[in-house]
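Here is the structure we will look at, set down as structure tokens.
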Amino acid sequence: MITNEHHEAVSGWFSGRLPQEWTVEPPQVAVDREEITVVLTVADVDAGESDVATAEARAGRARAFREDTREARMKIAREAQHRYERKVSWGVRVGGHEELWTHVAAPVMTRLRQPQRQVLDTLVESGVARSRADALAWCVRLVGQHEGDWLAELRQAMTAVDDVRAKGPAA
């Protein structure tokens, strides 16, 4: 499990390591066992003409940021990968437009009984998902959207358990 302290350490490192001129707010950093994802918020654009023009301007700004910062981001990623032993993925947010680049799709081993497999197969057969793996990812996203508060409370409780363990007799 990734503790709050570990997440704060990684977030702090990136906040201190990234050039300040890149973003208009602190980076959003997500950490799991395989990957660190860093999403940077850059200044919004005002295309003014229409929603379509604004969306395209934001996509263009995101593309330009990706290309202009590529070498520096790769250097920072190598440092972080050495320090934290995880891959680093990047993303950018411009207004309402967000892009993720080179993020990890980690395989997950799981055993499902027939009723669970039937749910996945129904999603595949109906065209909601291309494969069982896509269907499972879809289910996980759906649970994350609808149970976000419960999952946050569960993570907080797990952190409290880690704190109690750290104070135990073996500490």
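The values are calculated or read from the model by the stated rules, or taken from the named source; none is laboratory data. Model, not experiment: these values are computed from the prediction. A quick note on method: Cβ atoms are made from the backbone with ideal geometry, for glycine too, and the neighbour counts reach across all protein chains shown. The accessibility values were calculated without ligands, DNA or RNA, using every heavy atom of the protein model including side chains. Shrake-Rupley method; radii C 1.70, N 1.55, O 1.52, S 1.80 Å.
Entry remark, the range 40-58: residues being assigned to a helix (DSSP H, G or I), under 24 Å from the mean Cα position of the chain (by Cα) and in contact (Cβ under 8 Å) with a residue 40 or more places away in the chain number 1 in total.
With among the aliphatic types (A, V, I, L, M), open to solvent by 50 Å² or more (accessible area, probe 1.4 Å) and either touching a strand residue (DSSP E or B) at 6+ places or on another chain (Cβ under 9 Å) or touching a residue at least 60 places away in the same chain (Cβ under 8 Å) (or both) as the only criterion, which of VAL108, VAL104 stands out?
Values: VAL108 fails: either touching a strand residue (DSSP E or B) at 6+ places or on another chain (Cβ under 9 Å) or touching a residue at least 60 places away in the same chain (Cβ under 8 Å) (or both).
Being among the aliphatic types (A, V, I, L, M), open to solvent by 50 Å² or more (accessible area, probe 1.4 Å) and either touching a strand residue (DSSP E or B) at 6+ places or on another chain (Cβ under 9 Å) or touching a residue at least 60 places away in the same chain (Cβ under 8 Å) (or both) holds for just one of VAL108, VAL104, which is VAL104.
Note on the range 113-142: residues that are touching a Leu at 6+ places or on another chain (Cβ under 8 Å), among the aliphatic types (A, V, I, L, M) and closer than 30 Å to GLU85 by Cβ amount to 1.
Taking the range 1-39, which residues are among the acidic types (Asp, Glu) and not in a helix (DSSP H, G or I)? Steps first, answer last, please.
Residues of the range 1-39 among the acidic types (Asp, Glu): 5, 8, 21, 25, 32, 34-35.
GLU25, ASP32, GLU34, GLU35, listed by residue number.
Only one of the numbered conditions (1) more than 23 Å from ALA106 (Cβ to Cβ); (2) touching a residue at least 40 places away in the same chain (Cβ under 8 Å); (3) surrounded by 15 or more Cβ atoms within 10 Å (Cβ to Cβ) is not met by ALA72, and that is (3). Within the range 22-53, the set of residues being buried (at least 17 other Cβ atoms within 10 Å of the Cβ), among the polar types (S, T, N, Q) and farther than 18 Å from ARG78 by Cα comprises THR23, THR41.
Return the residues of the range 1-21 that are out of contact with any strand residue (DSSP E or B) (no Cβ under 6 Å at 6 or more places or on another chain) and among the aromatic types (Phe, Trp, Tyr); say none if nothing qualifies.
Filtering the range 1-21 down to residues out of contact with any strand residue (DSSP E or B) (no Cβ under 6 Å at 6 or more places or on another chain) leaves 1, 3-6, 8-9, 12-13, 15-21.
Matches in the range 1-21: TRP13 only.
Of all the numbered requirements in (1) acidic (Asp, Glu); (2) within 23 Å of VAL10 (Cβ to Cβ); (3) surrounded by fewer than 14 Cβ atoms within 10 Å (Cβ to Cβ), GLU125 misses one, and that requirement is (2). Scoring ALA64 on the criteria (1) closer than 30 Å to GLU153 by Cβ; (2) more than 18 Å from the chain's Cα centre (by Cα) leaves a single failure, condition (1). Within the bounds of the range 82-95, is there any residue that is among the charged types (D, E, K, R), modelled with pLDDT under 95, more than 29 Å from VAL140 (Cα to Cα) and open to solvent by 40 Å² or more (accessible area, probe 1.4 Å)? Among the residues of the range 82-95, not one is among the charged types (D, E, K, R), modelled with pLDDT under 95, more than 29 Å from VAL140 (Cα to Cα) and open to solvent by 40 Å² or more (accessible area, probe 1.4 Å), which makes the answer no.
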